[in-house]
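Take a look at the structure set out below.
The values are calculated or read from the model by the stated rules, or taken from the named source; none is laboratory data. Everything numeric here is computed off the predicted structure, so don't read it as measured data. Cβ placement follows ideal geometry from the backbone for every residue including glycine, while neighbour counts extend to all protein chains displayed. All accessible areas refer to the heavy atoms of the entire protein, side chains included, with ligands and DNA or RNA removed. Shrake-Rupley method; radii C 1.70, N 1.55, O 1.52, S 1.80 Å.
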Amino acid sequence: MSMVISAPSEKGGSGKSTLVPNMAAYWANRGESVVVLDLAPQASSKTWSRLREEADDGLERITVLGLEELERSGASRSDLDVGSIVERARSRWDRVLLDVPGADNRLQRGALLACDVALMPIKASGFDALAAPNTFAVLEALRRARSQSAKPVRAMMVFNFARPRSVAVRETARVYK
């Protein structure tokens, strides 16, 4: 059974589009087939994919689909059914990774409703800490909505761009435990 992972955060620059391609490369190197659905308008994961295609890096098990490819099925961005797209992807790939927009919008919520795990990237900084509570509120609302289903969503925080033993990481982790 494939696993669907989303990287939600309303904070731009938190590392969503850094986390997702790194997870894709990790699982591809372990022999798993991976699709990245780049739902963010800036298409960072799609750009990473184009750059990666020029390198002979052995990561041919990764497919990256941006909003343009998803729209070719006939739906506009405002009408994309993320849940249906994810269900089709589940049947084809071992890992489905969702690079979502940095905003509380329909695409981010659709990705969260469709995922098994939500990994929220955060920097150990004041601005990320200020942005985190609203993302946590969205995750909690979605967790409650999903609690009625057979597969509740698991939500975790991932520190990006941080020295593991720094005071900032310890204090930010203490606040959000």
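Within the group Ser84, Ser91, which residue is of a type in the set (Gly, Ala, Ser), open to solvent by 50 Å² or more (accessible area, probe 1.4 Å) and modelled with pLDDT of 80 or more?
So the residue among Ser84, Ser91 that is of a type in the set (Gly, Ala, Ser), open to solvent by 50 Å² or more (accessible area, probe 1.4 Å) and modelled with pLDDT of 80 or more is Ser91.
Of all residues in the stretch 49-67 being modelled with pLDDT under 85 and either open to solvent by less than 30 Å² (accessible area, probe 1.4 Å) or assigned to a helix (DSSP H, G or I) (or both), which is nearest to Ser33 (Cα to Cα)?
Top of the filtered list is Leu59.
Hey, any hits in the stretch 116-128 for a residue that's farther than 20 Å from Ala155 by Cβ, β-branched (Val, Ile, Thr), modelled with pLDDT of 85 or more and out of contact with any helix residue (DSSP H, G or I) (no Cβ under 6 Å at 6 or more places or on another chain)?
No: the stretch 116-128 contains no residue that is farther than 20 Å from Ala155 by Cβ, β-branched (Val, Ile, Thr), modelled with pLDDT of 85 or more and out of contact with any helix residue (DSSP H, G or I) (no Cβ under 6 Å at 6 or more places or on another chain).
When you scan the stretch 94-165 for strands (runs of 3 or more DSSP E) that lie fully inside it, which ones turn up with 1 or more residues that are touching an Asp or Glu at 6+ places or on another chain (Cβ under 8 Å) and open to solvent by less than 20 Å² (accessible area, probe 1.4 Å)?
95-99, 117-122
From (1) buried (at least 19 other Cβ atoms within 10 Å of the Cβ); (2) closer than 22 Å to Val158 by Cα; (3) modelled with pLDDT under 90, pick out the condition that doesn't hold for Leu37.
(3)
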